[in-house]
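Asker: Here it is: the structure, laid out below.
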Amino acid sequence: MAFLGQYYRTYALDFWGFGESGKKRETYAVQDFVGLVDQFMDQLGIAQAPLVGHSMGGTVSLSVAIQYPERVSKVVVVGSPIAGSSLALPLKWAGYRPIAFMLFNMMGLFRFGMRVASPFICHDPRFPDMMDRDLSRTTVESFLRSIASLRRTDLRPMLDEINVPVMGMYGNKDNIVHPLQWKPLAAGVGKNKTERFPKAGHFIMLDEPEPFMHKLKSFLDEDSSNTS
């Protein structure tokens, strides 16, 4: 955001149950977050805008383009699952209630384990602290239900309904979402562009920040009518 904020007005939206957004809800499904984006834009008077989403945020962004096409001028997805079956097995397991509650009831051990695993997820030395901060702001219900909903999501049958330019950015070393999820995205969306990052994992913006920011801005700067 610091980079793009030099050229665009940018907004960061925390989904319900995450970050600084409200924690008390009955559901935390992907569909809930799609409605949240629409409400957010409506409250701020944003008629239409490009959407940039990382991981589940990209899945939600594509869903907004399908359900509220008038809201979206472009979509950028970063390491996002097109089909929930592409999630890494431990993440799928975490979407089951007994495992999720076990993880959150042993939060200290869970955080320690994530710190140990962090070098295999992202090379940026800031990542362990960033991840720990995010975990501290997440409720067990939002984590459980959002991951369970994401696991059941499959956008492939609806991708041909997207008529705006879409760019998929995927790291070849992603071990959270299968790195070949760019294939169903490219096959399903008419106006699509794929950028792959050979040295990056799930957090491309941290693993390869300069090429990531350059390619992202270049895509956003393009005239939508010339994007293919």
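The values are calculated or read from the model by the stated rules, or taken from the named source; none is laboratory data. All values derive from a computational prediction rather than experimental measurement. Every residue, glycine as well, gets a Cβ built from its backbone with ideal geometry; the counts of neighbours run over all protein chains shown.
Asker: Considering only segment 15-32, state which residues are free of Cβ contacts under 8 Å to residues at least 12 places away in the same chain and in contact with a Ser or Thr (Cβ under 7 Å, 6 or more places away or on another chain).
Answerer: The answer is none; no residue qualifies.
Asker: GLY45 versus (1) more than 18 Å from LEU220 (Cβ to Cβ); (2) under 20 Å from the mean Cα position of the chain (by Cα); (3) surrounded by fewer than 19 Cβ atoms within 10 Å (Cβ to Cβ); (4) not basic (Lys, Arg): which is the lone unmet condition?
Answerer: The failed condition is (2).
Asker: When the residues of segment 48-61 are narrowed to those that are over 16 Å from TYR8 (Cβ atoms) and in contact with a Gly (Cβ under 8 Å, 6 or more places away or on another chain), which ends up surrounded by the fewest Cβ atoms within 10 Å (Cβ to Cβ)?
Answerer: HIS54
Asker: Taking the condition part of a helix (DSSP H, G or I), surrounded by 12 or more Cβ atoms within 10 Å (Cβ to Cβ) and at pLDDT below 80, does LEU144 pass?
Answerer: yes
Every residue, every condition in (1) touching a helix residue (DSSP H, G or I) at 6+ places or on another chain (Cβ under 9 Å); (2) without any contact (Cβ under 8 Å) to a residue 40 or more places away in the chain; (3) more than 30 Å from MET213 (Cβ to Cβ), yes or no:
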| residue | (1), (2), (3) |
| --- | --- |
| SER85 | yes, no, yes |
| MET114 | yes, yes, no |
| ILE121 | yes, no, no |
| PHE127 | yes, no, no |
| ARG137 | no, no, no |
| MET167 | yes, no, no |
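Asker: Under the condition of being assigned to a loop (DSSP other than H, G, I, E, B) and more than 17 Å from the chain's Cα centre (by Cα), which residue from segment 188-204 is surrounded by the fewest Cβ atoms within 10 Å (Cβ to Cβ)?
Answerer: Once the filter is applied, the top-ranked residue is PRO198.
Asker: Can you spot a residue in segment 152-159 that is in a loop (DSSP other than H, G, I, E, B), at negative phi and either out of contact with any Cys (no Cβ under 8 Å at 6 or more places or on another chain) or among the acidic types (Asp, Glu) (or both)?
Answerer: Yes.
Asker: Let me ask you something else. Taking ASN172, is it out of contact with any Phe, Trp or Tyr (no Cβ under 9 Å at 6 or more places or on another chain), surrounded by fewer than 16 Cβ atoms within 10 Å (Cβ to Cβ), more than 20 Å from LYS92 (Cα to Cα) and at pLDDT 95 or above?
Answerer: When the stated conditions are applied, ASN172 does not pass them.
Asker: Which pairs do you get when a residue that is free of Cβ contacts under 8 Å to residues at least 40 places away in the same chain, found in segment 201-216, comes within reach of a residue that is buried (at least 20 other Cβ atoms within 10 Å of the Cβ) and in a loop (DSSP other than H, G, I, E, B), reach meaning Cβ atoms under 9 angstrom, with the pair 6+ apart or on two chains?
Answerer: GLU208/ALA200; PRO211/ALA200
Asker: Within segment 81-137, considering only helices (runs of 4 or more DSSP H) that don't extend past its boundaries, which have at least 3 residues that are of a type outside the set (A, V, I, L, M, F, W, C) and at pLDDT 80 or above?
Answerer: It comes to 127-136.
Asker: Here is a list of conditions, (1) crowded, with 20+ Cβ neighbours inside 10 Å; (2) at pLDDT below 95; (3) among the hydrophobic types (A, V, I, L, M, F, W, C), and LEU185 meets all of them except one; can you say which number that is?
Answerer: Just one mismatch for LEU185, condition (2).
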